[in-house]
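Data block below; observations after.
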Amino acid sequence: MNFFKRIFTIKRKDNLFPKNETSLPLIEKPFIPKERYPENVKGDFYVENQVCITCGAPEAEAPDLIEHSKLEYGHCYFKKQPATADELDRAISAMQVSCIAGVRYGGKDKAILKRLYDLGLQADCDYKLDDL
């Protein structure tokens, strides 16, 4: 039994752990942007590459903004960025109905980020509201 205790015991280093802390230190991960599907138009809203499963829900919410690829079977993408308040509502609705969180927001607009956070969509945002 002592053999296993020695193998699985984490040795502390005073510069990494406080004396009374037994958990691993929290290390902040660097921001790594998601890979965008190449047919997305340039802009803040996008569909992550190789994440679409052809559910049809996002493009049903925003057919004027999102469509399926004609180059690659089934992958959806943003063909147009939202330009009006109504289009923004539809883009956000598309994020809400995306069954695998493939529709994302990569912008830094604090009002949009706050709205997405209030809807519980913070995991679908590339930037943290607290960091801006």
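Brief remarks follow.
- Taking 12 Å as the cut-off, no amide N atom of segment 34-60 comes nearer than this to a point 7 Å along the Cα-to-beta-carbon line of Lys108.
- Distance between modelled label sites at Leu119 and Asp131, nm, 7 Å Cα→Cβ extension: 2.2 nm
- Cross-link pairs Lys34/Lys108; Lys34/Lys114; Lys79/Lys128; Lys70/Lys110; Lys70/Lys108 - those with Cα-Cα distance over 23 Å: Lys79/Lys128; Lys70/Lys110; Lys70/Lys108
- In this Cβ point-charge picture (+1 for Lys and Arg, -1 for Asp and Glu), segment 34-131 has a dipole of about 160 debye about its Cα centre.
- Fewest neighbouring Cβ atoms within 10 Å first, the residues Val41, Val97 line up as Val41, Val97.
Coordinate-derived values only; no laboratory data. Because the structure is predicted, anything quoted here is derived from the model rather than measured. Don't worry about glycine lacking a Cβ; one is built from the backbone with ideal geometry, like all the others, and counts go over all protein chains shown.
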